């Protein structure tokens with residue numbers, strides 16, 4: 001007995017297989033193009049969010065809202081990423097905002113970043129949230145170098161353990177001035193790490209154990225994750241101290257490098273300015289010190305000795321300028 005496969009049966013099987021293959025290709029192409037379109041849309045949305053965030057930061061960067069706690073809120077949760085790059089000139093601040101998505105990967109992370117040579121934002125990276133608070137402080141070395149922006153999420157607490165009185169008083173003033181900040185989980189002040197709420201980032205001053213970061217407000221030494229950096233303990237505005245509190249140490253060190261570079265160029269500009277005002281009889285005589293300061297800051301190496309020399313000379317020039325009651329240079 002022999003079995004014969006009918007031609008019609010063969011034709012049906014071939015047509016069925018052909019349809020499966022073609023259908024699979026069509027489905028693959030549909031998924032591919034849908035995924036490509038989704039990725040493109042996410043990138044566009046992220047780029048738009050970054051531009052919007054950059055716009056929100058503009059008044060802060062100009063010092064218009066200095067010494068005030070300013071709230072701002074996105075429509076959805078965003079992942080904010082901050083990076084610092086040392087390059088020619090003053091280096092760059094790189095910022096990107098990535099809105100949360102309900103489809104696919106929650107944060108695409110591939111939007112167009114904002115790059116700035118004159119913006120200095122200090123925050124942990126990445127930050128995730130919908131509502132944030134920000135405030136600014138001027139950095140004087142000894143003239144104003146830049147307005148520093150400090151960013152605090154609404155729902156991630158910083159526990160400051162035994163901070164200097166000036167810092168604790170200012171944080172409490174912020175809470176009194178802004179009910180939204182007072183109701184947030186942004187910052188708490190305690191006398192010991194054991195009183196900090198679980199999950200908070202513990203920033204301790206003086207000598208404490210069980211801390212994520214230890215800052216000595218007397219010597220200006222910052223220690224975290226086995227790394228060390230420094231700030232000026234004599235700065236009355238606490239600008240670099242706040243920067244050290246709210247940012248990771250490698251990022252802080254990079255931004256400090258950028259600020260020192262900027263200070264070096266400003267010293268040259270003020271030295272040149274002296275020639276202009278001296279023509280009208282002011283007799284400032286600071287140019288020699290300013291040129292020496294420009295050279296010192298230009299040779300900054302990141303060591304405590306190098307930074308200590310910069311802070312000392314900055315203070316000396318600042319006092320000399322303050323004594324020029326008739327014609328201060330800055």
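The values are calculated or read from the model by the stated rules, or taken from the named source; none is laboratory data. Worth saying up front: this structure is predicted, and the values here are computed from it rather than measured. Cβ coordinates were reconstructed from backbone atoms using ideal geometry, including for glycine residues, and neighbour counts include every protein chain displayed.
One residue alone among 200, 219, 209 is out of contact with any strand residue (DSSP E or B) (no Cβ under 8 Å at 6 or more places or on another chain) and either more than 27 Å from residue 142 (Cβ to Cβ) or outside the structural domain of residue 169 (by TED's automatic domain parsing) (or both), and that residue is 209. Among all positions in region 197-207, there is no residue which is farther than 28 Å from residue 309 by Cβ, in a helix (DSSP H, G or I) and more than 22 Å from the chain's Cα centre (by Cα).
Hey, does region 296-307 have a residue that's part of a helix (DSSP H, G or I) and either closer than 25 Å to residue 166 by Cα or touching a strand residue (DSSP E or B) at 6+ places or on another chain (Cβ under 7 Å) (or both)? Walk me through how you get there before you give the answer.
The first filter runs over region 296-307 and keeps only residues part of a helix (DSSP H, G or I), leaving 296-298, 304-307.
So of that shortlist, the ones also either closer than 25 Å to residue 166 by Cα or touching a strand residue (DSSP E or B) at 6+ places or on another chain (Cβ under 7 Å) (or both) come out as 304, 307.
Among the residues of region 296-307, at least one is part of a helix (DSSP H, G or I) and either closer than 25 Å to residue 166 by Cα or touching a strand residue (DSSP E or B) at 6+ places or on another chain (Cβ under 7 Å) (or both), which makes the answer yes.
Listed conditions (1) at pLDDT 90 or above; (2) crowded, with 19+ Cβ neighbours inside 10 Å; (3) in the same structural domain as residue 312 (by TED's automatic domain parsing); (4) farther than 20 Å from residue 311 by Cβ are all met by residue 267, apart from (4).
With respect to being under 30 Å from residue 308 (Cβ atoms) and not assigned by TED's automatic domain parsing to the domain that holds residue 317, residue 121 fits the description.
The set of residues in region 116-134 being under 12 Å from the mean Cα position of the chain (by Cα) and outside any loop (DSSP other than H, G, I, E, B) consists of 116, 121, 122, 127, 134.
Based on this model, can you work out whether residue 263 counts as in contact (Cβ under 8 Å) with a residue 40 or more places away in the chain, in contact with a helix residue (DSSP H, G or I) (Cβ under 6 Å, 6 or more places away or on another chain) and within 16 Å of residue 140 (Cα to Cα)?
Details: in contact (Cβ under 8 Å) with a residue 40 or more places away in the chain: yes; in contact with a helix residue (DSSP H, G or I) (Cβ under 6 Å, 6 or more places away or on another chain): yes; within 16 Å of residue 140 (Cα to Cα): yes.
So residue 263 passes the test.
Answer yes or no: is there a residue in region 180-192 that is surrounded by 13 or more Cβ atoms within 10 Å (Cβ to Cβ) and touching a residue at least 60 places away in the same chain (Cβ under 8 Å). Yes, there is a match, as at least one residue in region 180-192 is surrounded by 13 or more Cβ atoms within 10 Å (Cβ to Cβ) and touching a residue at least 60 places away in the same chain (Cβ under 8 Å). Quick check: anything in region 182-192 modelled with pLDDT of 90 or more and not in a strand (DSSP E or B)? So far as region 182-192 goes, yes, one or more of its residues are modelled with pLDDT of 90 or more and not in a strand (DSSP E or B).
Among 46, 52, which is surrounded by 20 or more Cβ atoms within 10 Å (Cβ to Cβ), in a helix (DSSP H, G or I) and at pLDDT below 80? Write out each step before concluding.
Working: 52 fails: surrounded by 20 or more Cβ atoms within 10 Å (Cβ to Cβ).
After ruling out the rest, the residue left standing is 46.
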